[in-house]
Every structure is written in structure tokens, then in C-alpha cells.
Amino acid sequence: MPRIVQLPSSVITKIAAGEVIERPSSVVKELLENSIDAGSTRIEIDLEQGGTDLIRVVDDGCGIDQADLRLAFASHATSKLRDADDLFRIGTMGFRGEALASIGGVGQVTLQSRAAGQDSGAELICNGGDYSEVRPWNGAPGTRIEVRHLFFNTPVRKKFLKTHSTELGHITDTLQRIALAHSHLHLVLRHNNRLVLEVPAAASLPERIALFFGSDVREKLYWVDTVQGSARLTGFIADPSCDRGNAKLQYLFLNGRWIRDRSLGHAMQEAYRGLLMTGRYAIAFLYLTLPPDEVDVNVHPTKTEVRFRDGQALYHLVRAAVKQRLNDENLVPRLQAPPETPREGGEVTVTTAPESSLFDAPPVTRGADATLLDELAAKPAPTFHPPMINGDLGGRALQIHDSYLVVETPAGMLVIDQHALHERILFEQLRRRIRDGQLEVQRLLIPEPIDLPAEQAACVLEAKAELGQLGLEIDDFGGGTVLLTSYPALLGRISPLDIFKGTLDCLLNKERPPTKEQMLHHLLATMACKAAVKAGDKLTQEEIIHLMELRDLAEDSHHCPHGRPTSLIFSKHELEKQFRRV
Ligand code: ADP
Ligand code: MG
């Protein structure tokens, strides 16, 4: 029986550091937040080798009292919180008192500080958790922190680091978020003694946006300012014409803190609905101000995710405010005018002549924004009705509850589950093309980054070959990010990300099918399911007819790929019997 022991503090610190300090950019984030809490107006950051050799942050804030220097490194030691009630009145960036302790545990840190109003300062070195004496230091008022050789004592973690340029990229992302959240700050970033970025204090928010994302974005910003109860939403949203292939440029700040929030991201996307092509995302810089007790910021170690007291009200606030602002601009929905050229940022690789089926039409021939339903509706009605089920009753199908098709047949009547049938058809089309090596692939010019927990990313990358066979080509971007570079053109009507997400669930399922063949089948079925029309989708008469035509071509039109029936048959005889006609 293994004995239970209390872990030494050096191990505890390393465990805690694992949560907060993942890479150099995490250190930069924590140090910058401390400088901001200290009331700094100018912060300079120096890096060497992507921050792996050196991160130095120098600020002009209130400094740390000499007597507190040692305490700054102690875990759960903070000047920003006194009791548990304060947790719901957080007005500072930090409050957990864990950052410096964690950084000190996994790096070689020199902390030098001179408190405001003091004649001199003091310094302290913390080397992987071992402290030096506190010594006098004669620097300018403020704080200067140097972190050298991050993860020098945790080699495994060090191995997870990516190239210096990738790490630098994460750091500039961090810096941009801080610069956008605190538009009075003067920020300087140097890498290997070269200036990377300088944001003057005087630079306004639009100027900062122009600096980071180009002046063309600045030219297309609309100001939003809405109050609802105790919540206020301000900021800029961009014209739909400067959309992007991912949601990275949808910035959301809560009380000065950059956060990620799936629900509010969705609200944004909803507000732009009809103005963007599928798979495209708007640019926005939104600032939410809430009373501190309306939100719990203490739910995530790095505080990038929060819990709102009334998330639904905020969802409506974001959606309504953005939508209203777009309406004010009288933007014409783009759905009505599908462009002739292929999707911006995309190129189509066709490895075979496309069939003439509407469901098969490769994206190159249609507006990428059009949904399947629009597409079919836009088509002139077929001039002839091909033979329908068991005879020539073409077109006599009725959609009920936007989910089922009731079809007359010579032998009686069919009730078809539209989703199950379309799923089956797509499944067979995909399978046939894969079998024949003729799957058309739509390549994304701007690969879609997908952030995953490390173990999920590993699992997905393990299945790279199988996914590739399905037209989903992926690359390892590092740091848990997987790049989606292509998807099957056949499924062009839904976003590549949604297709991928569908297969992801299938891949991560604990009970994965044992053989490769079965796994492919499973993945295919999932893709078809995601891409098929849903129960609740209203179909036009042409769409119904087309679905029926394809039904006739299907090898097994009676079962969806999961084995459920696609249709129920009621024979004429059965009907007569039920009505007691016979
Ligand atoms: P937290 O920010 O959660 O309080 P940290 O471990 O990041 O915890 O910092 C511990 C304490 O050290 C802070 O509460 C603050 O008093 C002090 N401190 C850290 N960095 C600075 C700085 N740049 N200027 C002034 N004080 C600082
Ligand atoms: Mg802090």
C-alpha cells in the first residue's frame, strides 16, 4: 500500500506553476498584470530567444516595499485581497498571489523594486524556489523583474516549448490584448535587442487597432455604446467586408481583462448572421463593464474564463447591440448576391469531374455563403420529373413538421425522415469517392487554427492519415493548436470547422472502434450527419424532388449510416385495412 506523504513546498510550487505558467507568454502576462495593478504608465519588456532565455519587465509603478520583497514570492501572498468577500469585488488584474511564487519556482528570477517615495530600493533573487538575501538596490522608482532560463528545473515542461518565433508570437498576442485593454499604457517590446513593438500612451484605441491589424481595419470600424441595467458594452465592431477565417480578432474585454467566452462569441456571430459567408468571422473589439459582483473571475487559473451571474442577459445585450449597430449602417445582406469567384481565401482542388447533382456541386460554382437551401431554391425548377419511387408520381411529396416527407407510391405511402435520408446519401457519395480516390478537396488558403487541450491535439494528430483520407487535412501548429488546411468540397455547405468538430467528438470517444476500417466508417457517418439537412429545415419543392432523385440512386436508401430507418412504408392494403375498407 503506498504511503501518503505531504509534498515538499518545492514540489507544490511546481505543481501550482503548471496551472499558471505554461510558456513564456504566461510569464509576460502575469508580470504585465502586476505592473498594471501597480499603476504603471510605462512598461518595457525585453526578451531573448522567444523569452526562454530572458524575460525582463521594467515598470514605473508603485513598487514593492523592501520589507515585503520576500513575501511577494510566497504563494498565496498578495496585497490585493484581504478576505473571502473581496473575491467578489475584484478590481485588480491579480488577486491569487500565486504568479510570482510560480515563476520563482520554475525560473531564475531577480526582483528589484523601489517603492514610491523611498530613497532607495532592494533586490532579491529567487532561483527555482531558493532565495537570496534581500540586498539594497539603487534603481529608479518602480519594479524591474528578470526571469532567466524558464523551466530550467522542469526539463519536461521545457520540451513542450515551441520555436522561439512561435513563443514570441504568443507574447505579442498577450501584449496586444493588454494594449487594447489599457489604452493609456505606453508599451515597449524588444526581442534580442531589436524593437518589435512600441505603443505610445497617446495612441487611441483605433490607432492601436491600426497598429496591430492594419489601417484598412481602422477605416471600417463602427462604434458601439449600449447600457443595459448595470452592464455597459462599448467598443468597435468592424464592417463585415473585413471578415477573417477565424474568430481570433473577436476581442472581448471584461472590466479591463481579456477574456474568452464561447456564448458571447456566439452572440457576436449571430448578430452578423446573413452578412458573412459561412466559416467567416467578424472583427470586433468589445468592452464589457460590469459591477464586480456580477461576475466570478475566480474560476480559471489564468482568469481568461469567467462565470457571469446572468450570462443570458449579456448574450442578448451583445447580440442586440451589435445587430442594431449593423442595422444602422444599412448593410445589405450578402446572401442575396453570391459572388462568382470562389470563396475568398480558398481554392478548390478538383480531382475529378463533378457530377451534375446539385448536392454535389463543388463550391467553385456557387456562392460559398449560400446555404444548400438557397442554392437549390435559386435553381430553376427541373423541366422533367424523373421517375419517383416505384413509378411516375414525381413531385407528389409533402413535407410535414419541416422534418418528414410524405410520398405517394403506387403501392401505398412512404414517410421519410429527411435528415436520415440525406445523411445516407452524403455518406454514400463520400464513401464512393474515397473508394475511387476521387474526393474533391477544398483547400483553405488561410488554415483554420483549432485550439485543443494537448492530449486531444495528440489524439487528433495520431489520426492524421485517416482524416486526410476523408479530405480533412491537418497540421501540427504546436502548443495544442491544430491547423485545418482542407475539407471535402462535397460538404461545402457547412463550415469546415463544424465538419472537423464533428469528427473530433468521434475521435475522442473513449470507445473507439477497434479497426481502422470501422473507424473510417464511423468518421464518415459523423461527417455526413453534420452536413445533412436537419429536422426542422424547411425544404422547397425542388429540394424535395432532388432528394427523391438521389434516393433512387442510393445503394441502401432504407437505413441511415447509423442503421436507423430512413423511411416507413404504409402499403395501400394496410391503409385500406386500417380504414376497414377491406
Ligand atoms: P497577485 O498579483 O495575485 O497579488 P503575484 O504573485 O502576481 O500575486 O504578486 C504578489 C504581490 O507582489 C502582489 O500582490 C503585489 O503586491 C506585488 N507585486 C508584484 N509585482 C509587482 C509590481 N510590478 N509592482 C508592484 N508590486 C508588485
Ligand atoms: Mg499578479
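The values are calculated or read from the model by the stated rules, or taken from the named source; none is laboratory data. Everything numeric in this text was worked out from a predicted model, so none of it was measured. All Cβ positions, glycine included, derive from the backbone under ideal geometry; neighbour counts span all protein chains shown.
Some notes on this structure:
- Each residue in the range 240-260 was checked for being more than 12 Å from the chain's Cα centre (by Cα) and among the hydroxyl-bearing types (Ser, Thr, Tyr), and 1 pass.
Residue by residue, here is whether (1) buried (at least 18 other Cβ atoms within 10 Å of the Cβ); (2) among the polar types (S, T, N, Q); (3) in contact with a His (Cβ under 9 Å, 6 or more places away or on another chain) holds:
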position: Trp137; (1), (2), (3): yes, no, no
position: Val147; (1), (2), (3): yes, no, no
position: Asn153; (1), (2), (3): no, yes, no
position: Phe160; (1), (2), (3): no, no, no
position: Ile171; (1), (2), (3): yes, no, yes
position: Ser183; (1), (2), (3): no, yes, no
position: Val188; (1), (2), (3): no, no, no
position: Gly214; (1), (2), (3): no, no, no
position: Lys220; (1), (2), (3): no, no, no
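- Among the candidates Met277, Met268, residue that is over 28 Å from Asp86 (Cβ atoms) and touching a Phe, Trp or Tyr at 6+ places or on another chain (Cβ under 9 Å): Met268
- Pick from the range 50-84, criterion among the small types (Gly, Ala, Ser) and surrounded by fewer than 20 Cβ atoms within 10 Å (Cβ to Cβ), ranking: farthest from Arg96 (Cα to Cα): Ala67
- Residues satisfying the criterion are absent from the range 171-187 (criterion: in contact with a helix residue (DSSP H, G or I) (Cβ under 6 Å, 6 or more places away or on another chain), closer than 17 Å to Ser26 by Cβ and assigned to a strand (DSSP E or B)).
- Within the range 71-97, being in contact with a helix residue (DSSP H, G or I) (Cβ under 8 Å, 6 or more places away or on another chain), farther than 18 Å from Lys14 by Cα and within 8 Å of ligand 1 (Cβ to nearest atom) holds for Ser79, Lys80, Leu81, Thr92, Met93, Gly94, Phe95.
- Of Glu133, Glu146, Glu167, Glu123, all but one fail to be more than 14 Å from ligand 1 (Cβ to nearest atom) and outside any helix (DSSP H, G or I); the exception is Glu133.
- Qualifying residue in the range 85-103 (condition: farther than 23 Å from Thr304 by Cα and exposed (fewer than 15 other Cβ atoms within 10 Å of the Cβ)): no
- Residue match in the range 562-582 (condition: under 30 Å from Gly245 (Cβ atoms), at pLDDT 80 or above and not hydroxyl-bearing (Ser, Thr, Tyr)): no
- Enumeration of residues in the range 1-59 that are assigned to a loop (DSSP other than H, G, I, E, B), basic (Lys, Arg) and within 24 Å of Thr163 (Cα to Cα): Arg23
- The single condition among (1) out of contact with any Pro (no Cβ under 9 Å at 6 or more places or on another chain); (2) assigned to a loop (DSSP other than H, G, I, E, B); (3) at pLDDT 90 or above; (4) away from ligand 2 (no atom under 13 Å from the Cβ) that Arg82 does not meet is (3).
- Selection from the range 104-120 of residues that are part of a loop (DSSP other than H, G, I, E, B) and either of a type in the set (Ser, Thr, Tyr) or within 14 Å of ligand 2 (Cβ to nearest atom) (or both): Ser120
- Evaluating Ile45 against the criteria (1) surrounded by fewer than 23 Cβ atoms within 10 Å (Cβ to Cβ); (2) modelled with pLDDT of 95 or more; (3) within 13 Å of ligand 1 (Cβ to nearest atom) leaves one unmet condition, (1).
- The lone criterion from (1) surrounded by 14 or more Cβ atoms within 10 Å (Cβ to Cβ); (2) farther than 30 Å from Leu445 by Cβ left unmet by Asp556 is number (1).
- Unique residue being among the charged types (D, E, K, R) and more than 8 Å from ligand 1 (Cβ to nearest atom) when the list is Asp60, Asp68, Asp37: Asp60
- Between Ala101, Ala38, Ala17, Ala77, the distinction of being within 22 Å of Lys158 (Cβ to Cβ), small (Gly, Ala, Ser) and within 12 Å of ligand 2 (Cβ to nearest atom) belongs to Ala101 only.
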